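Student: My questions will all concern the structure given below.
The values are calculated or read from the model by the stated rules, or taken from the named source; none is laboratory data. Because the structure is predicted, anything quoted here is derived from the model rather than measured. Here the Cβ positions follow ideal geometry from the backbone for every residue, glycine too, while neighbour counts run over all protein chains shown.
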Amino acid sequence: MMFGIITLALGGAITGFVLLGDSWYQLLMAGALGVILTQYAFLAHEASHRQVFTSGKANDVAGRTIANLLVGISYSWWMTKHSRHHANPNIIGKDPDIDRDFVSFTSEDAAKSRGLYRWATERQGYLFFPALMLEGLNLHILGFKTVFGKGRVDKRWLEISMLVTRIAAYLTVIFLCLPLGMAFAFVGVQLAVFGVYMGASFAPNHKGMPILPHDSKVDFLRRQVLTSRNIKGGWMMDTFMGGLNYQIEHHLFPNMPRPHLAKAREIAKEYCDTHTIGYTETTLTESYGLVIQYLNRVGLSAGGDPFDCPAATQFGR
């Protein structure tokens, strides 16, 4: 059903693109396309977790097709990275989501920055969301680097053909139908909206939650619950975040389809409350505030302890 709704929205955006012609109102269509592609990415994420079909092969076919051919992200890159994250959320050296990049998630990483990079690191919380405007482009680049790289890629040539076909068809249509300046603006807006929406959906889930040392010995339940954050908001938030708002339940039951996560939340929360296991749930705006505060704190305390000590007792360490 969700696939049908998103595809209908895509059809509407394409119709709007055709009807508007040579008009700067096309940037509205670009923004809409960025939102639609993010929603498709949510579906690819669900397929990668075997949530859509009973057959693993069918899930892989759907996930690879949506990710590569529609969204423009390598499915193999995503599967490798995301599987490592789920097994070791917020664990230094094991979770690729907290590896040092533009943003440093530990004081040790922040201390490595120099010059202009150091200046940006000290303000990385404030710069985080503006920087997400480049994340859409970065995701496409990572996809191409993966499929053309030396590492193992499942169905490499299929992914190459999908990614190349997708980017060639997209750019051809945009640059043939719009004046040069408007075409560049369209692509820029679409990528910016896509990057910000993707980052704004995934960032609240773990950023600012406890980070564990590489050799930590924490049981599965606490490792998944204490490093994750849920977002309140009901069905509207379910749609906006593609089910990622139930991050705790998603990590506890990664194969559980989106419609069942709300009920699982009631059970998981009651269990955690009964056993005095910290269960974090905030509003979306509160989570963004926590992310910004945490990243700024890391950037400004490069010589400090990278671990969130108040959580130590919750982990039994």
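Student: Can you confirm whether F202 is more than 21 Å from E122 (Cα to Cα), within 19 Å of the chain's Cα centre (by Cα) and modelled with pLDDT under 95?
Tutor: Values: more than 21 Å from E122 (Cα to Cα): yes; within 19 Å of the chain's Cα centre (by Cα): yes; modelled with pLDDT under 95: yes.
Here the answer is yes, as F202 does meet what is asked.
Student: Quickly run through region 1-55 and pick out the residues that are closer than 19 Å to M198 by Cα and of a type in the set (D, E, K, R).
Tutor: Residue satisfying the conditions is E46 alone.
Student: Out of the residues in region 69-90 that are modelled with pLDDT of 95 or more and among the aliphatic types (A, V, I, L, M), state the one that is farthest from the chain's Cα centre (by Cα).
Tutor: Restricting to residues being modelled with pLDDT of 95 or more and among the aliphatic types (A, V, I, L, M), the top hit is L69.
Student: Mind listing just one residue for me: the one in region 244-255 that is buried (at least 24 other Cβ atoms within 10 Å of the Cβ) and not aromatic (F, W, Y) and, of those, farthest from R222 (Cα to Cα)?
Tutor: Step one: filter region 244-255 for residues buried (at least 24 other Cβ atoms within 10 Å of the Cβ), giving 245-250.
Still in the list and also not aromatic (F, W, Y): 245, 247-250.
On the way: N245: 18, Q247: 14, I248: 10, E249: 12, H250: 14 Å.
That would be N245.
Student: Go through region 35-62 and give me each residue that's out of contact with any Lys or Arg (no Cβ under 8 Å at 6 or more places or on another chain) and either within 15 Å of R166 (Cα to Cα) or among the acidic types (D, E) (or both).
Tutor: If the condition is that a residue be out of contact with any Lys or Arg (no Cβ under 8 Å at 6 or more places or on another chain) and either within 15 Å of R166 (Cα to Cα) or among the acidic types (D, E) (or both), then L37, Y40, A41, D60 are the ones that fit.
Student: Give the residues of region 119-134 that are charged (D, E, K, R) and part of a helix (DSSP H, G or I), sorted by residue number. Even if it seems obvious, please write down each step before you answer.
Tutor: At the first step, the residues of region 119-134 found to be charged (D, E, K, R) are 122-123.
The one that is charged (D, E, K, R) and part of a helix (DSSP H, G or I): E122.
Student: Being touching a His at 6+ places or on another chain (Cβ under 9 Å) and part of a loop (DSSP other than H, G, I, E, B) is the filter here; which residues of region 195-214 pass it? Give the steps one after another, and end with the answer.
Tutor: The initial filter retains those residues of region 195-214 that are touching a His at 6+ places or on another chain (Cβ under 9 Å), namely 205-206.
Within region 195-214, H206 is the sole residue that qualifies.
Student: Can you give me the number of residues within region 146-183 that are within 23 Å of the chain's Cα centre (by Cα), part of a helix (DSSP H, G or I) and without any contact (Cβ under 8 Å) to a residue 12 or more places away in the chain?
Tutor: Number of matching residues: 1.
Student: From the set of residues in region 263-292 that are of a type in the set (S, T, Y) and under 26 Å from the mean Cα position of the chain (by Cα), which is surrounded by the fewest Cβ atoms within 10 Å (Cβ to Cβ)? Spell out the reasoning first.
Tutor: The initial filter retains those residues of region 263-292 that are of a type in the set (S, T, Y), namely 271, 274, 276, 279-280, 282-283, 285, 287-288.
Those still in the list that are under 26 Å from the mean Cα position of the chain (by Cα) too: 279-280, 282-283, 285, 287-288.
Values: Y279: 18, T280: 19, T282: 16, T283: 13, T285: 10, S287: 23, Y288: 19.
If we take residues in region 263-292 being of a type in the set (S, T, Y) and under 26 Å from the mean Cα position of the chain (by Cα), then T285 is surrounded by the fewest Cβ atoms within 10 Å (Cβ to Cβ).
Student: Here are L116, L137: which of them is assigned to a helix (DSSP H, G or I), modelled with pLDDT under 95 and surrounded by fewer than 19 Cβ atoms within 10 Å (Cβ to Cβ)? If you could, list the steps in order and put the result at the bottom.
Tutor: Details: L137 fails: modelled with pLDDT under 95.
Of the residues listed, the single one that is assigned to a helix (DSSP H, G or I), modelled with pLDDT under 95 and surrounded by fewer than 19 Cβ atoms within 10 Å (Cβ to Cβ) is L116.
Student: Looking only at helices (runs of 4 or more DSSP H) that lie completely in region 215-268, which have at least 3 residues being free of Cβ contacts under 8 Å to residues at least 12 places away in the same chain? Explain how you work it out, then say what you get.
Tutor: Values: elements: 220-225, 234-240, 247-252.
Passing ranges, in order: 234-240.
Student: Let me ask something else. If V298 passes every condition in (1) in a helix (DSSP H, G or I); (2) modelled with pLDDT of 95 or more; (3) among the hydrophobic types (A, V, I, L, M, F, W, C) but one, which one does it miss?
Tutor: (2)
Student: While we're looking at this one, here's another question. Could you check, for region 243-253, whether at least one of its residues is over 25 Å from L37 (Cα atoms) and charged (D, E, K, R)?
Tutor: No, region 243-253 has no match at all.
Student: Collect the residues in region 57-90 that are of a type in the set (A, V, I, L, M) and buried (at least 23 other Cβ atoms within 10 Å of the Cβ), keeping them in residue-number order. Steps first, please.
Tutor: Within region 57-90, the first condition is being of a type in the set (A, V, I, L, M), and the residues that meet it are 58, 61-62, 66-67, 69-71, 73, 79, 87.
Of everything in region 57-90, those that are of a type in the set (A, V, I, L, M) and buried (at least 23 other Cβ atoms within 10 Å of the Cβ) turn out to be I66, A67, V71, I73.
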